[in-house]
Amino acid sequence: MRSLPVKATDVIKTGMAKNNSSSAATILEIQRLSTEDGPGIRTTIFFKGCPLRCTWCQNPESISIRPQLQWTETACIGCGTCIDVCPENALTSGAEGITIDRHLCTSCEMCSRECPSAAMKMLGRAWNLEELIAEAIKDRVYFEKSGGGITLSGGDPAMQANFAALLLKSLKEEGIHTALDTSGQCAQDVLGALLPHVDMVLYDIKEIDPDRHREFTGVSNEKILDNLVYLCRYMETHETPADLWIRTPVIPGATAYEENIRGIGRFIASRLGNSVSRWELCSFNNLCSSKYERLDMDWPFKDRPLMSRECMENFAGCARGSGVDPDIVHWSGPTKMEVGNK
Amino acid sequence: MDTSAAWKAQYPIKEPGNLSPRIEWLRNYYFRGLERPWNNEFTSWGTGEPWDVQYDETTFYIVPETYAFFSTLRASFIQAAQPVELHEDFWSWSLPERKAWFIKEVMVNHLPQEILPGDLIAGARFNIQASKCWTREETAQRDKLMYGRKGARSKLKWFYNRGYGNAGATSGHIIPGYEKALRIGWKGIHANLQAAFDALTQKEQKTRKGAQIRAMMTAATMPRELAAKYASLCRDMAEKEDNPERKTELYNIAGNLDRVPWEPATTFWEAVQALWLTHMLVMSDENYPGPGVSFGRMDQYLLPYWEHSLSSGMDRESGKEILKCFWVHANYAYDALIRMGDNQGITAGYGQLINISGMGKDGRDMTNDLTYAILEVIDEMSPILEPKPNVRLHRGSPDQLLDRVVDMISTSQGSPFLLNFDERSMAGMMREAKRAGCENLINKDNVHDYASVGCLENTMVGNDRSGTVDNNLNLLKAVELTLTGGKDLIPAVDPITGKQEKIGQDGPATGDPATFKSWGEFWEAYSRQTAYIISKCVDLYEATESVRARYCPTPYLSCLVKGCAENGLDVTQGGAELNFTTLEGVTFATTVDSLLAIKYLVFDKKECSMEELVRALRDNWTGHEVLQAKAKNRAPKYGRDDDAADDMGMKAMDLWTDEAWKHKTLSTNRQFRPGMLSWNYWIGSGYIMAASADGRPKGQFLSNAICPSNGTDTNGPTANINSVGKVLGGKAGKGNGDWGEYLNSLPNGSSHTITLNPSLLRDPEHREKFKAFLRGYTENGGTSLQINILDAGMLKDAQSHPEDYRTLLVRITGYNAYFTTIGRELQDEIIARESHGCY
């Protein structure tokens, strides 16, 4: 199979393409009954397009801002319709099933429209504001009962900031609690335009060392940290956002070392004042490796084992000892299974 | 690592806990099953006449698994019957009087009385098959109605073999007036019967009415005489007992039995003793162990006794100990056919249901200390099947109750109880009152007194027989008949002979659907076929109902159902104040999805012609895989919170429920009412019914009750719930609903099961979210919910049958993936993780 390995160093000729439209956005997925993206029961809207190229990315299908074609073997009935209808002859059938020649494919969507079994599928599609709001607020009653709401995530909603701002504003007008999950890699005024309509922010600090940050994500963390400080100043002078959760992916061979965790902690303690109400360490997860396969992407982490529980406890200990209020430190995510030691 | 071995060794099965040595022994003894020297299997009792019969197959017409055994069971119970010496006037009495006398004679003077070691409640054996007490003529007449060429049995087989479903007048499935029996005692019930009899004119006393009340008076003395037998047994045992504590207990049990159930109960122990004896004799009277004979709101009517005894010094744990003995007793229902099947008679839950918590007058919450004590008993005894608990929730349910409920769900393999939702349920009961014109009996001042029968079937209490499992109709059959203009799509096959039957014009000739120009025409034809299948079901039911009304009185049960004494009619003759029979719509989602697929494929997108579709279904989709895939994956589906699709669901719901309300039984004047419970029919009928337009081949399961079809709820549990609420009617503006703003077209209620990932319950933060999820269900969902927790067993099944689990989402601490799309190794790891609670 043809593969397009993701290298952080090829930054980011295509990825920086933003969508400035305020009338439509490319949305990957709307996930209901989300319980991990902020308080209460939430509906999470995953925007496509991300300015970073984290080598460990858990959602590779959200990196590109464009819809992407995916073939799922277990759904395919082998009828060959897709091959017949492809005007670019980009699809072939072989022992491993359907192969997509991604250089020939123009994402014309002929195959995904005709596929009877939805095995050939475009990931992401354009949504206009009205239909997206109508879909996203269907769980309003669960938001109300749980203190939940709607989270804009991705990718990074800031890549489609005009639309995101309008969406957030409309949701606020509907009386819905809004959360923004952003990488922070954007111009300050872009972030500034979103914040008036946001009740809480979920923000990643992945790596405190700027060079290592560049090595693993394609960009330095300078702008991200500056924007974070700006965000906290903003919070001090405005009623909303009222909450800020920091998340740190703990990735073996990348971010998972004590000095990084301590460094992030020192940054939080010294630069962010009292704005941070939760700092969550998220352990490395390998569940996404099959997604890379379906997108014909190589993933350097595919054979990485999970972290051990002790290891995560240890990092959480580091975090608590780093100068932050220890009560804000949490960790989550899967760890290596230890039988009989729940 | 060999994950499967670890799975077996490590899978955390819920264990009972906090059991005293007494209860532990009683519980373990029960689970020894056939190894027990004592059991409660059916004993058979006869008149000794050559025409005598015990077994009544009509009550099992709704259990297709038993059809093949009807004749064998009838013959074996006849053969096994022990003769009872009859009263010299026996054959001069009316049938109900013979029946009342016979049952009482068997229970008091023939069936042995025993007390198990340590037991605090008397009343052990109750499973009997008793003579129907028919004369030779009655037997012959009844058998003709049953087995004649146009008899009930041949109607049933016709109906079942063609995939319509099943129907039959079934025993149980009622909440007797236990509260009143405890309050006034059987003495009070007997006195009321005497008064009703005395109020009759002398002429009336000689009619069937007089005979019925006399029979009920005989039955009303049965609990007193049986209690006396047990009391004397206890005293005999006490005299021989060396352990002084046990000796005292036995004397105390005897003392209880001296009073109850004849006198009103005073203490908690007496109340539970009276309740058990009164209840178990219903099962004896009907010769029907357990199914659906339900207790109602036990934490409400036992509360005065509970509080009284606590304030007079009963220790709370001792009160629970009494309840735990009661719990063990209820499970002995399963002994009836303990030698049959491979699980010692224990199949699914029989459903001697209890309701706890719930709403009272003016929206008040009725949760009390006994509610929590009962929850503790359930938790400490579980896993155990009976009595089946159903917790009633509503907007005003306290957080403390929800905490307890969520806690119990998270530590069990799936919920150890069903949840019932008051607002939606009460809306259904109010709709029933309006449609049936019985607002004097069900209204805003008493509708909160409703309770559930069997699993989740809502009825009123003590005056209501609603035949909640009696009619089970595959709604999908009407779609099939529309596609063929009223003929079976494939020939019916007799399962015993294997012979194919001829296809005839059974339904109305609605025309060749290939000539239909619009969806509207198709819908019109579908409406006529729906009316037809419902009338066919009503006809089959009538055949069984009229026979039961004439030949199978249950005078003891009739004593506990308000209206029977007043009307001088047995409960089997429509004596209850509230007389319904429930038409349970089966295969709802398959039906709606099939309608959606036909509209989408043939009329909207013109993916195929009607001829092609019908041919594909005749061919069971073989050779039409592309069309099948489109039906499955492209056509809209119910259960995704897609308003257009759910609107089709609502139209289909309105259509069939309106049809149901048009019918009453002729013989007993019982009004049909709609409900959605599918028991296991959605599995069995899947092998009988032809392929359906939603893409399902013959042989694959149909949809269950009101649940979306397996694997179609791609937008997750909240979308699934919203769809369910919508097809029931959703909500109207404030005050414009059936109850509050709630609408509900299914008074019986609707069975809804969802499977959740255990990671949703993994810590206190998530358990709070889960509580909110249940409060959301109260607003948007249906009447009843069974929560299953995704477990390793289901994941393993998904590995072997990925096609059935395409939308199975696994969540590992918030990370979601479709299970069947990830590699085998990761799948194995996830299975191992679920097995060890590492999510």
Apportionment of accessible area to carbon and sulfur, segment B:275-397, percent (1.4 Å): 53
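What quantity of accessible surface, computed with a 1.4 Å probe and excluding non-protein components, is buried in total between chains B and A, in Å² to the nearest 100?
Values: alone 31010 and 15800 Å², together 42890 Å².
When B and A are taken together, about 3900 Å² of accessible area is lost.
Classify segment A:68-123 as rounded, prolate or oblate, taking a ≥ b ≥ c as the square roots of the eigenvalues of its Cα gyration tensor: rounded when a/c is under 1.5, otherwise prolate if a/b is larger than b/c and oblate if not. Show your work: numbers first, answer last.
Details: a/c = 1.42, a/b = 1.20, b/c = 1.18.
Rounded shape, in that the Cα axes give a/c under 1.5.
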Under 14 Å from a point 7 Å along the Cα-to-Cβ line of B:Glu825: which residues of segment A:271-304 have their amide N that close? A:286-291, A:293, A:299-304
Under 24 Å between alpha carbons, and skipping anything fewer than 8 positions from B:Lys209 in its own chain: which lysines qualify? B:Lys99, B:Lys104, B:Lys132, B:Lys180, B:Lys187, B:Lys562, B:Lys664
In terms of solvent-accessible area of protein heavy atoms at a 1.4 angstrom probe, what is the ranking of B:Arg775, A:Arg66, B:Arg297, B:Arg392, highest value first? A:Arg66, B:Arg775, B:Arg297, B:Arg392
Excluding ligands, DNA and RNA, what is the solvent-accessible area per residue of the protein assembly as shown at a probe of 1.4 Å, expressed in Å²? 36
Suppose each label sits 7 Å from its Cα in the direction of the beta carbon; what would the B:Glu307-B:Arg395 distance come out to in nanometres? 2.6
Using a loss threshold of 50 Å², tell me which positions in segment A:37-80 are less accessible in the complex than in their chain alone. Probe radius 1.4 Å, ligands and nucleic acids ignored. A:Thr74
To the nearest 10 square angstrom, how much accessible area does B:His624 have with a 1.4 angstrom probe? 40
Below 22 Å, Cα to Cα, which lysines can A:Lys336 reach? Residues fewer than 8 away in the same chain don't count. A:Lys206, A:Lys291, A:Lys302, B:Lys8, B:Lys796
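Restricting to Cα pairs below 8 Å that are 6+ residues apart, what does the relative contact order work out to for chain B? Please round to a whole percent.
On the way: 1647 pairs, mean separation 119.1, N = 839.
14 percent.
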Considering the Cα trace of segment B:269-409, what is its radius of gyration and what is Dmax, both in angstroms? 15.8, 50
Per residue of B:639-647, how many C-beta atoms from partner chains lie within 10 Å of its own C-beta, taken as a mean? 1
Convex hull of segment A:269-308 built on C-alpha atoms - directionally averaged projected area, nm²: 4.9
Once phi is turned into ³J(HN,Hα) by the Karplus curve 6.51 cos²θ - 1.76 cosθ + 1.60 with θ = phi - 60°, what whole-Hz value does each residue of segment B:275-289 show in order, with x for glycine and proline? 4, 5, 4, 4, 5, 5, 6, 4, 5, 5, 4, 8, 6, 9, x
Can you list the residues, at least 5 places off or on another chain, whose amide H is less than 5 Å from the amide H of A:Gly154, using H built in the peptide plane? A:Phe47
Stretch gain in nm, segment B:Trp38-B:Asn109, where the contour uses 0.36 nm per residue and the Cα spacing is subtracted: 23.7 nm
Residues losing 20 Å² or more accessible surface upon assembly, segment A:269-307, compared with the chain by itself, 1.4 Å: A:Arg278, A:Asn285, A:Asn286, A:Leu287, A:Ser290, A:Arg294, A:Leu306
So for the pair A:Asp211, B:Asn243, with labels modelled 7 Å out along Cα→Cβ, what separation do we get in nm? 7.9
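Between B:Asp403 and A:Ala95, what is the FRET efficiency for a Förster distance of 41 Å, r being their Cβ-Cβ separation, to the nearest 0.05?
Values: r = 55 Å, r/R0 = 1.34.
Once the sixth-power term is evaluated, E becomes 0.15.
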Neighbour net charge for B:Phe126 - beta-carbon separation under 12 angstrom, K R +1, D E -1: -4
Report the Cα centroid-to-centroid distance between segment A:61-88 and segment B:407-443 in angstrom, as an integer. 46
Between A:His177 and residues 5 or more places away or on another chain, which pairs have amide H atoms under 5 Å apart, with H built 1.01 Å from N, and which residues are they? A:Ile150
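What do you get for Rg/Rh over chain B if you use C-alpha atoms and the Kirkwood form of Rh? Please list the in-between numbers first.
Values: Rg = 27.0 Å, Rh = 28.0 Å.
Answer for chain B: 0.96.
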Bounding extents of segment B:737-801 in its principal axis frame from Cα atoms, largest first in Å, are 44, 32, 12
Note down the accessible area of B:Leu569, probe 1.4 Å, to the nearest 10 Å². 60
Please enumerate, by chain and number, the lysines with C-alpha under 16 Å from the C-alpha of B:Lys14, excluding those fewer than 8 residues away in the same chain. A:Lys342
Please list, in order along segment B:298-305, the HN-Hα scalar couplings obtained from phi with the Karplus expression 6.51 cos²θ - 1.76 cosθ + 1.60 (θ = phi - 60°), rounded to whole Hz, x for Gly and Pro. 4, 6, 8, 7, 8, 4, x, 5
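Any idea what % of Cα-Cα pairs in the protein assembly as shown are farther than 55 Å?
Values: 177500 of 696790 pairs.
Cα-Cα pairs of the protein assembly as shown separated by over 55 Å account for 25 percent.
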Please report, for the Cα atoms of chain A, the Rg to one decimal and the Dmax as a whole number; what are they, in angstrom? 20.6, 62
Quote the FRET efficiency, to the nearest 0.05, computed for A:Ser277 versus A:Arg233 with a Förster distance R0 of 25 Å and r equal to the Cβ-Cβ distance. 0.90
Considering the zone a paramagnetic label at B:Glu501 would reach in this model (a point 7 Å from Cα along the Cα-to-Cβ line), which residues of segment B:517-540 have amide N under 11 Å from it? none
Would you mind pulling out the separation of the Cα centroids of segment B:192-219 and segment A:191-255, in Å? 84
Relative to the first principal axis of the alpha-carbon coordinates of chain B, what is the inclination of helix B:152-161, with its axis defined by its Cα atoms, in degrees from 0 to 90 and to the nearest 10? 30
A:Arg266/A:Ala242 FRET efficiency (R0 35 Å; Cβ-Cβ; nearest 0.05): 0.90
Can you give me the distance in nm between label points at B:Lys187 and B:Thr622, each placed 7 Å from the Cα along the Cα-to-Cβ direction? 7.3
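The values are calculated or read from the model by the stated rules, or taken from the named source; none is laboratory data. Keep in mind that what you see is a predicted model, and the values were worked out from it rather than measured. Cβ: placed from backbone, ideal geometry, glycine included. Neighbour counts: every protein chain shown. Note: areas computed on protein heavy atoms with side chains; ligands, DNA, RNA excluded. Shrake-Rupley method; radii C 1.70, N 1.55, O 1.52, S 1.80 Å.
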